[in-house]
Amino acid sequence: MNKSYIDGAWVEGSSAVADLNPSDTSDCIGDFASSNKAQTNDAINAAQKISGSWRESGIHQRAEMLDRIGSEILSRKEELGTLLSREEGKVLAEGIGEVERAGHIFKFFAGEAVRIAGVSMDSVRPGVDVEVVREPIGVVGIITPWNFPIAIPAWKIAPALAFGNTVVFKPATLVPASAQSLTQIIAESGLPAGVFNLVMGSGQEVGETIVNSPLVNAISFTGSVATGREILVKTAERQARVQLEMGGKNPLIVLDDADLETAVECAINGAFYSTGQRCTASSRLIVGADIHDRFVERLIERMESLIVDHALKPGTQMGPVVDDRQFEEDLNYIEVGCSEGAEMATGGARLERDTDGYYLAPTLFIETNNAMRINQEEMFGPIASVIRAHDYEEALTVANDTDFGLSAGICTTSLKHASHFKRNSSAGMVMVNLPTAGVDYHVPFGGRRNSSFGPREQGQAAEQFYTATKTTYVNP
Ligand code: NDP
């Protein structure tokens, strides 16, 4: 059933796209629908038509449906996690973990649906009452990337529905199977036709149609800075609400007083889990001069012991890069690093395995400086660089010297430095003795500068984007 889901019906695409397993390109998961502009408009019209009655549907009904979706996702986490790992290439434990997180997100927003509150207060004019309430914003366009094919859609779709909006969802072309499985579960939850629509297809056709439609009141997007900026300009022109989550160039500071094993494990997890394909990945390791050599030696040892193989093979610790295009981009950045004078301490080459996949050795550059392109541009692969810092102050300056500002970490046993870093890091999320990646679903997620634009995602913060306030004055 490789189709888009529009107005409560599964519809054939106008063309099809082959979905290949990046761990084994001879394994085709299926040919998935690619919809066109007309079908996208059908979905938008359906979402708009039902928008009025859905907003009146009541918080209890919405909470029940979201809870049902969350339970179904959780009960099928092995099956969905296996599909996700087969399609995207992250290892099975991460695939299942991501599905679990999606289930918890739906359950969290089931609760948020009934918790939404307003404020009632006196006016400054005696005798007049003031009420501030939150209302749905209408049709929300949701455009998502390939790297978290179930969790990112979940953390946008769940609050959109919880707060009474209708949805047109366009997943990344690389991960249609995960999007379709999630949609099947949502479709079976009892939502009225048109409230939730899945339109699979290209960014240029489906994505742009959603972004440009005057019927779409808000766009929530996660992906590259270039596409995010394009969407920002277009939505600004028509004054639509927009929320962008884009890249990162996240620093992990390792101070001389850090516990060495904690620091190395934070770097391994942050830089190489999910094959480094996370916007919160630790790509700049800023390391104190005294601990530098011990840290680098131990990190290389751990990197070289990582088992890189088929994502579904038991024991695999790092899967393949997502596709040939991303693989070429990673190799290109490795060349850039070498040409900039960085020293490649390990990795840098394609790995041959039993199956034909995009296997790249975890790669570490040392003796780098922060001005290099490999330390300024998001690489989105299993590549990290070490930058030596002489003291905490220098490490902090380097950490903040970036156009991005999503996540930043510090490994230290000094309360003084940890506290100072919490206050003075310019990132939206700060980690102390933890990897830069790995966040909770009940608290705000997002960054600053090029990393994010608009209200935060997840947790209670989500209501700021998915609702609009209305202030009412009553003279009884
Ligand atoms: P894109 O920004 O191109 O894609 C993200 C989503 O936007 C996809 O669904 C894509 O559709 C869609 N899209 C693309 N062009 C448009 C458009 N003009 N209008 C509306 N929607 C559009 O990222 P890529 O997947 O191509 O990845 C490129 C780079 O982006 C990566 O190398 C990485 O650096 C970064 N990235 C960052 C992520 C993050 O979490 N911050 C996640 C993924 C990537 P389609 O798939 O059909 O192209």
Cα-Cα over 18 Å: which of 90/313; 170/249; 234/470; 77/107; 107/470?
-> 170/249; 234/470; 107/470
Between the alpha carbon centres of region 292-316 and region 211-250 the gap in Å comes to 37 Å
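Counting only DSSP beta bridges with both residues in region 251-432, what percent are antiparallel, rounded to the nearest 5? Working shown, then result.
Details: 4 of 25 bridges.
Roughly 15 percent of the DSSP beta bridges within region 251-432 come out antiparallel.
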Ordered by residue, what ³J(HN,Hα) values in Hz, to whole numbers, does region 461-476 give under the Karplus form 6.51 cos²θ - 1.76 cosθ + 1.60, where θ = phi - 60° and Gly and Pro are x?
-> 4, 4, 5, 5, 7, 8, 9, 10, 7, 10, 10, 10, 10, 10, 9, x
Simple spin-label estimate for residue 75/residue 262, 7 Å along Cα→Cβ, in nm, reads 4.2 nm
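Using a 1.4 Å probe on the protein heavy atoms, what percent of the accessible area of region 251-432 belongs to carbon and sulfur? Before the final figure, lay out the partial values.
Values: 3330 of 7010 Å².
It is 48 percent, rounded to a whole number.
For the pair residue 119 and residue 373, what calculated FRET efficiency results from E = 1/(1 + (r/R0)^6), where r is the Cβ-Cβ distance and R0 = 41 Å, to the nearest 0.05?
On the way: r = 49 Å, r/R0 = 1.19.
Step by step, r from the Cβ atoms, then E = 0.25.
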Compactness summary of region 170-283: radius of gyration and Dmax from Cα atoms, Å, are 18.9, 59
Ranked from highest to lowest mean number of other Cβ atoms within 10 Å per residue, what is the order of the peptides 352-359, 424-431?
-> 424-431, 352-359
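Could you compute the net charge surrounding residue 434? Neighbours are other residues with a C-beta less than 12 Å from the C-beta of residue 434; K and R count +1, D and E count -1. Please report the intermediate quantities before stating the final value.
Details: positive: none; negative: 265, 440.
Residues close to residue 434 contribute a combined charge of -2.
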Which whole-angstrom value gives the distance between the alpha carbon centres of region 176-205 and region 15-48?
-> 11 Å
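Taking the solvent-accessible surface of protein heavy atoms with a 1.4 Å probe, what is the per residue accessible area of the chain in Å²? Numbers along the way, then the final one.
Values: 18290 Å² over 476 residues.
I get 38 Å² per residue for this part.
At a 10 angstrom cut-off on C-beta neighbours, averaged per residue, how do the peptides 215-227, 366-378, 116-128 rank from highest to lowest? Don't jump to the answer; show the numbers that get you there.
Values: 215-227: 20.6, 366-378: 17.9, 116-128: 10.7.
For the peptides 215-227, 366-378, 116-128, the packing ranking is 215-227, 366-378, 116-128.
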Which percentage, to the nearest 5, of the DSSP beta bridges contained in the chain is antiparallel?
-> 45 percent
Would you pull out the residues with amide H under 5 Å of residue 247's amide H, same chain only if 5 or more places away, H placed 1.01 Å from N?
-> 225
So, over other residues within a Cβ distance under 15 Å of residue 4, counting Lys, Arg +1 and Asp, Glu -1, the net charge is -3
Residues meeting the amide H criterion for residue 283 (H placed from the backbone, H to H distance under 5 Å, 5 or more places apart or on another chain) are 250
Over the Cα atoms of the chain, what is the Rg over Rh ratio if Rh follows Kirkwood?
-> 0.99
Would you mind classifying region 327-476 by shape? Square roots of the alpha carbon gyration tensor eigenvalues, ordered a ≥ b ≥ c; an a/c under 1.5 is rounded, otherwise it is prolate if a/b is larger than b/c and oblate if not.
-> prolate
Any idea what the relative contact order of region 404-476 is, in percent, if you count C-alpha pairs under 8 Å spaced at least 6 apart?
-> 29 percent
Charge sum, other residues only, whose C-beta stays under 12 Å from residue 324's C-beta, Lys/Arg counted +1 and Asp/Glu -1 | -3
Please give the FRET efficiency for residue 188 paired with residue 60, using the beta carbon to beta carbon distance and R0 = 22 Å, rounded to the nearest 0.05.
-> 0.70
Excluding ligands, DNA and RNA, the carbon-plus-sulfur percentage of the accessible area of region 1-98 with a 1.4 Å probe reads 48 percent
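Using helices alone, I'd like the mean residue ellipticity at 222 nm for the chain: each DSSP H run of four-plus residues gives -39500 (n - 2.57), total over residue count, nearest 500. Numbers along the way, then the final one.
On the way: 14 runs with 181 residues, N = 476.
Using -39500 (n - 2.57) per qualifying helix, the result is -12000 deg cm²/dmol.
Write out the GluC sites (Glu not before Pro) in region 155-241 meeting two conditions: DSSP loop, and at most 15 other Cβ atoms within 10 Å of their Cβ. All intermediate terms of the calculation are to be shown ahead of the outcome.
Details: sites: 188, 205, 208, 230, 237; in loops: 188.
Hits after loop and neighbour filter: 188.
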Among 264-271, 312-319, 66-73, how do they line up from the highest to the lowest mean number of other beta-carbon atoms within 10 Å?
-> 264-271, 66-73, 312-319
Ordered by residue, what ³J(HN,Hα) values in Hz, to whole numbers, does region 169-176 give under the Karplus form 6.51 cos²θ - 1.76 cosθ + 1.60, where θ = phi - 60° and Gly and Pro are x?
-> 10, 10, x, 5, 4, 6, 10, x
May I ask for the distance between the Cα centers of region 97-163 and region 343-397, given as a whole number of Å?
-> 38 Å
Check cross-link reach from residue 156 to the aspartates and glutamates: straight Cα distance under 15 Å, and skip same-chain residues fewer than eight apart.
-> 98, 112, 245, 440, 457, 463
For region 380-394, 3J(HN,Hα) per residue [Karplus equation, 6.51 cos²θ - 1.76 cosθ + 1.60, θ = phi - 60°, Hz, x = Gly/Pro] = 6, x, x, 10, 9, 10, 9, 10, 7, 10, 7, 7, 4, 4, 5
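Rounded to whole Å and ordered largest first, report the semi-axes of the equivalent ellipsoid of region 251-432 derived from its Cα gyration tensor (root of 5λ).
Values: eigenvalues 145, 56, 44 Å².
The answer is 27, 17, 15 Å, longest axis first.
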The answer for residue 138, listing residues at least 5 apart or on another chain whose modeled amide H is closer than 5 Å to its amide H, is 166
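Classify region 66-125 as rounded, prolate or oblate, taking a ≥ b ≥ c as the square roots of the eigenvalues of its Cα gyration tensor: rounded when a/c is under 1.5, otherwise prolate if a/b is larger than b/c and oblate if not.
Taking the square roots of the gyration eigenvalues as a ≥ b ≥ c, region 66-125 is prolate.
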Relative contact order (percent) for the chain, with alpha-carbon contacts under 8 angstrom and 6 or more residues of separation?
-> 18 percent
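The values are calculated or read from the model by the stated rules, or taken from the named source; none is laboratory data. Since we're looking at a predicted model, the values are computed, not measured. Here Cβ is always computed from backbone atoms with ideal geometry, including for glycine, and neighbour counts include all displayed protein chains. The area values use the complete protein model at the heavy-atom level, side chains included, leaving out ligands, DNA and RNA. Shrake-Rupley method; radii C 1.70, N 1.55, O 1.52, S 1.80 Å.
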